[in-house]
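Here is the structure we will look at.
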Amino acid sequence: MILSSYERMIARRYLLPGKGEGFIFLVASISLVAVMLGVAALIIVMSVMNGFRAELFDKIIGLNGHAVVQGYGGRLPDWQDIVRTARATPGITKATPLIEQPLMASYEGRVEGVLVRGMLPEDIRANRTIQEKVVAGNMADVTPGSGRVAIGARLAEALGANVGGQISLISPQGQTTPFGTVPRIVSYTVAAIFEVGVYDYDKSFVIMPIADAQTLLMLGDAVGMVEIETVDADRVATILPPLADKVGKSGVVTDWRSMNASLFEALAVERVAMFVVLSLIILVAVFNILSSLIMLVRAKTRDIAILRTMGASRSAMVKIFMTVGVTIGALGTAAGIVLAFVFLFFRQSVVNAIQFLTGQNLWDPSIRFLTELPAKTDPFEVLAIVALAIGSAFLFTLYPAFKAANTDPVQVLRYE
């Protein structure tokens with residue numbers, strides 16, 4: 001929409017307050033602020049939702065892989081063959097034997113439920129999700145036969161355990177006596193404490209060499225599962241079927257979508273719902289632009305009539321008033337983008353400040369899975385939000401603009 005010099009001058013004049021037009025300017029200012037808040041709210045919420053999904057995906061996949069081959073009865077005696085078969089399957093980049101077993105852990109009278117995870121020493125060293133999140137001790141000390149383990153930070157807090165402390169793992173699979181099965185209790189030294197950022201993992205994981213886990217659980221040479229990683233987590237539906245056909249007699253192949261289906265589906269539904277609900281804020285703000293333009297047209301009826309008699313065309317009137325409305329929407333959108341990115345940059349500080357002022361724990365990791373408020377801004381979503389705001393402003397200015405263009409100068413000026 002190209003404006004002539006006089007059209008730009010008139011549009012600029014209508015954007016600024018004139019004598020006796022303070023109320024119209026106030027309504028227009030409120031409209032701009034409303035658009036700003038609506039755009040900022042939408043960008044902030046969508047970024048946080050994207051951050052939730054990305055953080056959960058990275059941490060869950062980092063510890064659980066893209067899929068697992070789960071043995072029937074919790075055992076895979078022929079796991080070496082399954083590992084070789086998996087590594088030879090196109091699209092699969094890594095196959096790792098694992099043992100995972102829920103047990104009880106005790107430390108100085110405190111007892112907590114834990115998830116023992118047995119891994120090969122080289123896999124422990126290669127797992128960046130764990131290695132980069134060690135907060136105390138050294139993962140290199142977790143070696144076969146050393147009696148040393150690594151535990152999550154929240155578990156360490158719950159038990160009161162520190163590096164160098166002795167925790168006891170209690171397994172129900174023990175020796176059978178005439179009086180029943182005696183639970184097996186083995187003590188281990190805490191060599192390292194890690195914090196991956198997912199509360200459930202930090203609260204329950206006990207990581208040890210796979211040989212020690214086999215001894216503790218009396219598995220012999222068997223493992224519980226084989227973890228699979230692929231070239232693309234989103235393509236597991238096409239990569240895994242050949243492997244499932246080959247290992248069907250030994251175990252079941254389950255991918256990350258099935259293991260965490262309820263969580264990621266809930267996030268997807270909530271993401272769409274929040275976008276729809278918060279979009280209504282922008283529409284309400286644009287309605288304010290519509291009302292302010294209608295008021296402006298009514299206040300400027302005499303000016304419009306004079307401009308028409310001086311030769312201004314109907315299209316010029318349409319362009320002038322549409323420029324006013326779209327400019328308000330564009331300025332509000334730009335301010336909203338700036339506000340959103342400032343808030344996202346200081347998001348954790350804002351959460352901490354609100355918690356300090358209210359005395360309430362707004363970010364309980366036991367409820368929200370993650371220890372900090374995440375955020376990941378999608379440029380395409382930002383463009384969609386900008387298009388929604390400016391497009392709505394454009395559409396909602398059509399009525400007052402055409403109303404101004406249809407002003408009859410004869411009727412307005414006949415008694416002047």
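So here's what we get for this one:
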quantity	calculated
Relative contact order, percent, the chain [alpha-carbon distance under 8 Å, six or more residues apart]	28 percent
Listed pairs Lys94/Lys133; Lys133/Lys376; Lys94/Lys249; Lys94/Lys376 exceeding 25 Å between Cα atoms	Lys94/Lys376
Surface/4 estimate of mean projected area, convex hull on alpha-carbon atoms of segment 1-157, nm²	20.7 nm²
Sorted peptide list for 337-349, 144-156, criterion being average Cβ within 10 angstrom, highest first	144-156, 337-349
Expected-Rg normalisation [2.2 N^0.38 Å, Cα atoms] applied to segment 181-334	2.20
Residue among Gln355, Gln80, Gln101 with the largest mean-square fluctuation in a Gaussian network model of the chain, springs linking Cα atoms under 10 Å	Gln355
Heavy-atom accessible surface of the chain: percent carbon and sulfur, 1.4 Å	61 percent
FRET E, pair Ala88, Asp234, Förster distance 22 Å, beta-carbon r, rounded to 0.05	0.50
Potential extension, Asp78-Ala266 segment - 0.36 nm per residue separation minus Cα distance	64.0 nm
Accessible surface of Val226 - all protein chains present, 1.4 Å probe, nearest 10 Å²	0 Å²
Extension reserve of the Met295-Ala136 stretch, reckoned as 0.36 nm per residue once the Cα distance is removed	50.7 nm
Neighbourhood charge, 11 Å Cβ-Cβ cut-off, centred on Arg148 and excluding it, Lys, Arg +1 and Asp, Glu -1	-2
Theoretical gain in end-to-end length, Ile61 to Ala126 [0.36 nm per residue, Cα-Cα removed]	22.0 nm
Neighbourhood charge, 15 Å Cβ-Cβ cut-off, centred on Lys249 and excluding it, Lys, Arg +1 and Asp, Glu -1	-1
In degrees, nearest ten, helix 22-64 long axis to first principal axis of the chain (Cα)	20 degrees
Cβ-defined net charge surrounding Arg87, 15 Å radius [Lys, Arg +1; Asp, Glu -1]	-3
Cα gyration tensor, segment 96-177 - rounded (a/c under 1.5), prolate or oblate	oblate
Beta bridges by DSSP in the chain, antiparallel share as percent, to the nearest 5	80 percent
Choice from Gly38, Gly391, Gly311 with maximal GNM fluctuation in the chain (Cα, 10 Å cutoff)	Gly311
Accessible-area ranking of Glu229, Glu381, largest first, probe 1.4 Å	Glu229, Glu381
Accessible-area value, Ile185, 1.4 Å probe, nucleic acids and ligands omitted, Å²	110 Å²
Mean Cβ neighbour count within 10 Å, used as a protection proxy, ranking 196-203, 215-222 highest first	196-203, 215-222
Dimensionless Rg/Rh of the chain - Kirkwood Rh, Rg from C-alpha atoms	1.22
For segment 222-312, the Rg and Dmax computed from alpha carbons only, in angstrom	30.1, 94
Per-bin percent of Cα-Cα distances, segment 50-95 [10 Å]	23, 40, 27, 10, 0
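The values are calculated or read from the model by the stated rules, or taken from the named source; none is laboratory data. Everything quoted here is computed from the prediction, not taken from an experiment. Because the Cβ atoms are built from the backbone with ideal geometry, glycine has one as well, and the counts that use them run over all protein chains shown. Remember, those area values only see protein heavy atoms, side chains included, never the ligands or the DNA or RNA. Shrake-Rupley method; radii C 1.70, N 1.55, O 1.52, S 1.80 Å.
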